[in-house]
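The structure appears below as structure tokens.
Nothing in this text is a laboratory measurement; each read-out follows from the coordinates by a stated rule. Please read all numbers here as calculations on a predicted model, not as lab measurements. Cβ atoms come from the backbone with ideal geometry, glycine included; neighbour counts cover every protein chain shown.
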Amino acid sequence: MKKIIPAARTEKIKYAVRDILLIADQAKAAGKKLVYLNIGDPVPFGFRTPEFITDAIIDSLRRGETGYAPSAGTAPAVEAIRRDGERRGIQNIQDIYVTSGGSEAIELAMTALLNPGDDLLVPCPGYPLYTAVLEKLGAVANPYYLDEEDGWQIDVEDVRRRITPKTRGIVVINPNNPTGSVLSEKVAQQLVDLAEEHDLVLFSDEIYDKLIFDDVKHVSLAALSKDVAAITFNGLSKVYVGPGLRMGWGVVSGPEAKIGDYYRAIQKLTRARLCAPHPVMAAVPIALDGKNEHLPEVVAQLKLRRDITVEMLANIPGISCVKPQGAFYAFPKIDGFKDSDEEWCARLIREKGVVTVPGSGFGQRPGTKHFRIVFLPDEPTLRQAYSKISEFMKELKQS
Ligand SMILES: Cc1ncc(COP(=O)(O)O)c(C=O)c1O
């Protein structure tokens, strides 16, 4: 019998958010009671997909919409996404494609753009899907570092210095996972200008765009120029509390002469994988054109949990945390711990039963240590988790 050898392209793929569960499972098997602050899914924490979404899907199923849909998406879904893009001020929309989650939209956009050896500017810290797909494609992650001292904003001059002859695009995650930062309009404009100047494709991941606190304004990057080549990613996973529905999309914008060949390449890829989940597409117009009556309560709940997070972490010596302005993540910094942040997170699980994800899983500035918190659990659970982190830090200091 000969062993089946997996492809080399899978060797370096890591996904810290799920990898940490191996350690958590061991601790659980050893009898530890765990508090999970590691998965960005609102549903297990009591948030419900709004009924106007589930009803639309059930109605679609009842109408028998279980055959293949058009590869780009059904006409009502595509038209609703176009209207939504126009309301955001996105100019020059050339193409829309509906996918199985935002993840597939991202993967198709990258696959259609990058040859082996090409590089893509990726935010660090940032969501690890981008680097995983780059590994698959044999393309290169070109990291740019968000400025923790400046509320995790992008330092556009730093991004400029990192552009190489092989750079094809730039990823912006706004609001960001894992920092919860929202890009200021001024920095957004500078970044769009930079992408335009260097003919880079702007990948604007706006999947958390309506989960924003404190009157902070969110701008869609593609709305800031009609000449920039951009793909704006969004979906039903976060704002519509339906990650398991697997519904996302990409909005391609910019001058036709510049991006025509590119979006036609994406269309080829969408046809090769047939279609996204057909009945779920029926929820897209209702979500995007509707009143979103669920949102004020979701945002109010998240804001309360964000406030507890920031307040309690501020009182723990050795931990500091930039206040998140959106999404449901915080990315606190660990000071004075001599080992790695992976070790810190593993010990926090084993000793206190609190599951967070090491900052290294999101790319962080070399020499710094962080962990990511998901602040979706209810108030008592969060308070208990932060008290345990506080005890843990005290015990570390004494040891
Ligand atoms: C920044 C970001 N983009 C994309 C995704 C993937 O979203 P989807 O569930 O729509 O594939 C996530 C999921 O956590 C995310 O945090």
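Aspartates and glutamates near K136 by alpha-carbon distance under 12 Å, same-chain residues fewer than 8 away left out - which ones? Those aspartates and glutamates meeting the cut-off are E11, E107. In the chain, the DSSP beta bridges split such that about 50 percent are antiparallel, to the nearest 5. State whether the range 51-289 is rounded, prolate or oblate according to the following rule on the C-alpha gyration tensor (a ≥ b ≥ c being the square roots of its eigenvalues): a/c under 1.5 gives rounded; otherwise a/b larger than b/c gives prolate, and the remaining case gives oblate. In terms of gyration-tensor shape, prolate. Comparing L146, L313, L302 in a Gaussian network model of the chain, where Cα atoms under 10 Å apart are tied by springs, the biggest mean-square fluctuation is seen for L313.
Looking only at A346, A272, A27, which one moves most when the chain is put into a Gaussian network model with springs between Cα atoms under 10 Å? It is A272. For V228, no residue 5 or more places off, or on another chain, has a built amide H under 5 Å of its own.
The range 1-84: which GluC sites (Glu not before Pro) are DSSP loop and have at most 12 other beta-carbon atoms within 10 angstrom? Spell out each step's value before the answer.
On the way: sites: E11, E51, E65, E79; in loops: E11, E65.
Answer in residue order: E11.
A Förster radius of 25 Å combined with the Cβ-Cβ distance from E185 to D41 puts the calculated FRET efficiency at roughly 0.25. Geometric descriptor of the range 1-100, per residue, is 285 Å³ (volume of the convex hull of the Cα atoms).
Any chance you could tell me what percent of the C-alpha pair distances in the chain go past 26 Å? Result for the distance tail: 54 percent.
For the range 327-399, the set of trypsin sites (Lys or Arg not before Pro) satisfying both a DSSP loop assignment and a count of at most 15 other C-beta atoms within 10 Å is given as K338. Footprinting exposure proxy ranking of S360, S204, fewest other C-beta atoms within 10 angstrom first, gives S360, S204. Applying a threshold of 19 Å to the alpha-carbon distances of K238/K303; K210/K369; K226/K258 flags K210/K369 as lying beyond it.
Rounded if a/c is under 1.5, else prolate if a/b is larger than b/c, else oblate: which is the range 189-276, with a ≥ b ≥ c the root eigenvalues of its Cα gyration tensor? Mind showing how you got there, number by number?
Values: a/c = 3.31, a/b = 1.07, b/c = 3.10.
It comes out oblate by the Cα gyration axes.
Projected over every direction and averaged, the convex hull enclosing the alpha-carbon atoms of the range 305-399 yields 5.7 nm².
Across the range 47-61, rounded Karplus estimates of 3J(HN,Hα) from the backbone phi angles (6.51 cos²θ - 1.76 cosθ + 1.60, θ = phi - 60°) give 6, 10, 4, x, 5, 5, 7, 5, 4, 4, 6, 4, 4, 5, 4 Hz, Gly and Pro being marked x.
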